[in-house]
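One structure is given here, and the rest of the page talks about it.
The values are calculated or read from the model by the stated rules, or taken from the named source; none is laboratory data. As the structure is a prediction and not an experimental result, all values here were calculated from the model. Counting neighbours? That spans all protein chains shown, and the Cβs are built from the backbone with ideal geometry, glycine included. For accessibility, only protein heavy atoms count, side chains too; no ligands or nucleic acids. Shrake-Rupley method; radii C 1.70, N 1.55, O 1.52, S 1.80 Å.
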Amino acid sequence: MYHATTSQPALLPSKWYTDPLIHRREVSVLRSSGWQLVTTTTDLSKAGDYQAMDRLGVPLIVRNHGGELVALRNVCAHRQCRLVSEGGGHTAELKCPYHGWQYGGDGRTRKIPAAKNFPHFDRERYRLGSFPVRVVGQLVFVNLAGESNPLGDDAWVDDFAAKTDAESWQQILCEELEYPCDWKIPVEGSLESYHLSEVHSQTFGNDPGESESTHELLDWGTKFRTDARDDSFLARMEERVMRWMVGEFGPDYQHVHVFPNIMASFTDTMSLVYQITPTGTSTCKMTVFGFTRRSKRSGLIGNRVANGLGRSAASMARKVLAEDAAIFPLVQAGMDSACRDDSNEEAGRIFGRCEERLYAFHLHWSTSMKSEIAASKEGTLRDHHE
């Protein structure tokens with residue numbers, strides 16, 4: 001069932017999807033508002049394994065240092081050279097390729113060639129910046145604000161951990177997708193099933209409708225649940241394979257949105273966890289990880305069936321993501337045109353009762369941005385008086 005009894009207005013102006021100043025403010029809020037999904041423990045399984053990436057303009061390297069996962073700024077403290085290129089790899093030592101400076105897991109220098117050239121060297125000042133790391137199941141999160149506070153509400157953290165636990169789930173998908181649109185557009189596209197019949201008729205199928213849907217509107221985000229399933233040959237085969245592999249099968253589908261930009265879809269067969277971040281004005285990327293169930297049946301056949309199911313689930317996920325990706329630029333084009341026509345800036349922007357999760361997101365983000373704008377104005381006034 002839905003909570004809303006009437007349609008609801010969009011709270012974020014169209015210019016918030018196109019304006020460079022708004023983009024810069026949003027990046028600032030996103031950096032300070034929470035944790036960033038960066039990689040998985042599968043990709044950091046051995047000492048020396050690393051993943052390097054840019055998150056909201058911050059160059060990061062997440063590395064396995066002797067069994068401990070650490071996140072460091074991927075910029076040498078000497079001459080600002082990147083320590084490693086973006087992507088994954090393995091290094092016996094974390095060493096700058098320019099002058100050979102080496103660093104430990106705490107970000108401090110371990111070895112400086114010809115160290116006598118740097119008398120009275122301050123190791124605390126000239127070091128790599130470090131960031132708190134949290135592991136949830138196989139998911140690795142980094143806090144760019146440098147705060148060691150908990151990830152958030154235990155309800156979603158425990159759910160994510162259970163649905164990506166390495167003992168029961170194997171990683172089958174790891175991708176970073178680029179979209180030519182503002183980051184909020186893919187977020188909004190994930191928060192309603194109203195578009196399924198039009199966009200995903202060959203994959204997801206039809207919108208289950210109000211009688212088969214449950215929405216939860218929470219302080220930290222929103223949830224959608226349904227147990228409606230198509231009575232198709234593929235659906236029946238999925239159930240049979242799962243019962244053979246793990247001894248049980250549940251039809252529930254759950255989509256979780258953790259404010260502002262972490263999301264997941266969970267079924268008994270597959271867990272898809274993703275985060276969407278801005279990369280520029282009206283451009284963004286999605287970091288997505290997929291997991292499927294491990295077989296409880298030991299032996300070659302059980303492993304082959306589990307791997308086959310994983311490949312099939314990953315293929316389906318890619319199809320769904322591609323279907324969405326075709327729509328996002330069209331929405332961005334509409335936002336661009338609305339901003340060019342001031343008299344028609346908000347025409348057509350309304351949320352139906354079934355889209356109430358979008359309204360919850362708009363309410364959260366407009367409140368977050370207004371707080372940032374107010375704080376920025378206070379800081380400007382304070383600086384002016386000083």
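How about region 211-280: which strands (runs of 3 or more DSSP E) wholly inside it have at least 3 residues that are open to solvent by less than 30 Å² (accessible area, probe 1.4 Å)?
On the way: elements: 214-217, 221-226, 253-258, 262-266, 270-280.
Answer list for region 211-280: 221-226, 253-258, 262-266, 270-280.
What tally of residues in region 317-341 results from selecting those that are open to solvent by 80 Å² or more (accessible area, probe 1.4 Å) and either modelled with pLDDT under 90 or not in a helix (DSSP H, G or I) (or both)? Full working, then the answer.
Step one: filter region 317-341 for residues open to solvent by 80 Å² or more (accessible area, probe 1.4 Å), giving 318-319, 330, 340.
Adding the requirement that they be either modelled with pLDDT under 90 or not in a helix (DSSP H, G or I) (or both) leaves 340.
Selection size over region 317-341: 1.
Does at least one position in region 171-180 carry a residue that is farther than 19 Å from residue 37 by Cβ, surrounded by 15 or more Cβ atoms within 10 Å (Cβ to Cβ) and either at pLDDT 95 or above or of a type in the set (Asp, Glu) (or both)?
Going through region 171-180, the residues farther than 19 Å from residue 37 by Cβ turn out to be 180.
Restricting the remaining residues to those that are surrounded by 15 or more Cβ atoms within 10 Å (Cβ to Cβ) gives none.
Taking every residue of region 171-180 in turn, none turns out to be farther than 19 Å from residue 37 by Cβ, surrounded by 15 or more Cβ atoms within 10 Å (Cβ to Cβ) and either at pLDDT 95 or above or of a type in the set (Asp, Glu) (or both).
If residue 78 satisfies every condition in (1) open to solvent by 30 Å² or more (accessible area, probe 1.4 Å); (2) in a strand (DSSP E or B) but one, which is the exception? If we test residue 78 against (1) open to solvent by 30 Å² or more (accessible area, probe 1.4 Å); (2) in a strand (DSSP E or B), just (2) comes out false.
Please tell me if residue 43 is within 25 Å of residue 148 (Cα to Cα) and open to solvent by 10 Å² or more (accessible area, probe 1.4 Å). Judged against the criteria, residue 43 is a match.
Out of the residues in region 144-186 meeting the condition of being hydroxyl-bearing (Ser, Thr, Tyr) and within 24 Å of residue 44 (Cα to Cα), tell me which one is nearest to the chain's Cα centre (by Cα). Lay out the reasoning, then the answer.
Step one: filter region 144-186 for residues hydroxyl-bearing (Ser, Thr, Tyr), giving 148, 164, 168, 179.
Subset that is within 24 Å of residue 44 (Cα to Cα): 148, 164, 168.
Numbers: 148: 19, 164: 14, 168: 22 Å.
The residue in question is 164.
Listed by first and then second residue, the pairs linking a residue in region 349-378 that is of a type in the set (Ser, Thr, Tyr) to a residue that is open to solvent by less than 20 Å² (accessible area, probe 1.4 Å) and part of a helix (DSSP H, G or I), with Cβ atoms under 6 Å apart and 6 or more places separating them unless they lie on different chains, are 368/29.
Here region 108-164 is the region considered, the condition is being farther than 22 Å from residue 57 by Cα, basic (Lys, Arg) and not in a loop (DSSP other than H, G, I, E, B), and the residue that is most open to solvent (accessible area, probe 1.4 Å) is 116. Taking the conditions (1) out of contact with any Leu (no Cβ under 8 Å at 6 or more places or on another chain); (2) modelled with pLDDT of 95 or more in turn, residue 158 satisfies each one other than (2).
Candidates in region 181-200 are the residues that are at pLDDT below 95 and either assigned to a strand (DSSP E or B) or among the small types (Gly, Ala, Ser) (or both); of these, the one that is surrounded by the fewest Cβ atoms within 10 Å (Cβ to Cβ) is 197.
Within region 1-21, the residues that satisfy the criterion of being touching an Asp or Glu at 6+ places or on another chain (Cβ under 9 Å), open to solvent by 10 Å² or more (accessible area, probe 1.4 Å) and not in a loop (DSSP other than H, G, I, E, B) are 8, 9, 15, 16. Taking first residues from region 93-121 that are more than 21 Å from residue 131 (Cβ to Cβ) and partners that are among the acidic types (Asp, Glu), the Cβ contacts under 9 Å between residues at least 6 apart in sequence or on separate chains come to 111/93. Is at least one residue of region 294-303 in contact (Cβ under 8 Å) with a residue 40 or more places away in the chain, in a helix (DSSP H, G or I) and on the phi < 0 side of the Ramachandran plot? Checked region 294-303: at least one residue is in contact (Cβ under 8 Å) with a residue 40 or more places away in the chain, in a helix (DSSP H, G or I) and on the phi < 0 side of the Ramachandran plot. From the residues in region 208-238 that are acidic (Asp, Glu) and modelled with pLDDT under 95, which one is nearest to residue 255 (Cα to Cα)? For region 208-238, the residue satisfying everything is 227. Looking across region 342-376 at every residue that is surrounded by fewer than 11 Cβ atoms within 10 Å (Cβ to Cβ) and over 17 Å from residue 23 (Cα atoms), the one that is modelled with the lowest pLDDT is identified as 343. Only residues that are surrounded by 19 or more Cβ atoms within 10 Å (Cβ to Cβ) and within 24 Å of the chain's Cα centre (by Cα) were counted across region 81-98, and they come to 1. Considering region 59-75, the residues that are in a strand (DSSP E or B) and out of contact with any Phe, Trp or Tyr (no Cβ under 9 Å at 6 or more places or on another chain) include one that is farthest from residue 140 (Cα to Cα), namely 75. Against the conditions (1) open to solvent by 30 Å² or more (accessible area, probe 1.4 Å); (2) modelled with pLDDT of 95 or more, residue 291 satisfies every one except (1).
Being of a type in the set (Ser, Thr, Tyr) and either out of contact with any strand residue (DSSP E or B) (no Cβ under 8 Å at 6 or more places or on another chain) or part of a strand (DSSP E or B) (or both) is the filter; apply it to region 86-107 and report the residue that is farthest from residue 42 (Cα to Cα). So that I can check it myself, show each step before the final result.
Of the residues in region 86-107, the ones of a type in the set (Ser, Thr, Tyr) are 91, 98, 103.
Next, only the ones that are either out of contact with any strand residue (DSSP E or B) (no Cβ under 8 Å at 6 or more places or on another chain) or part of a strand (DSSP E or B) (or both) stay: 98, 103.
On the way: 98: 30, 103: 24 Å.
Looking at the filtered set, the residue picked out is 98.
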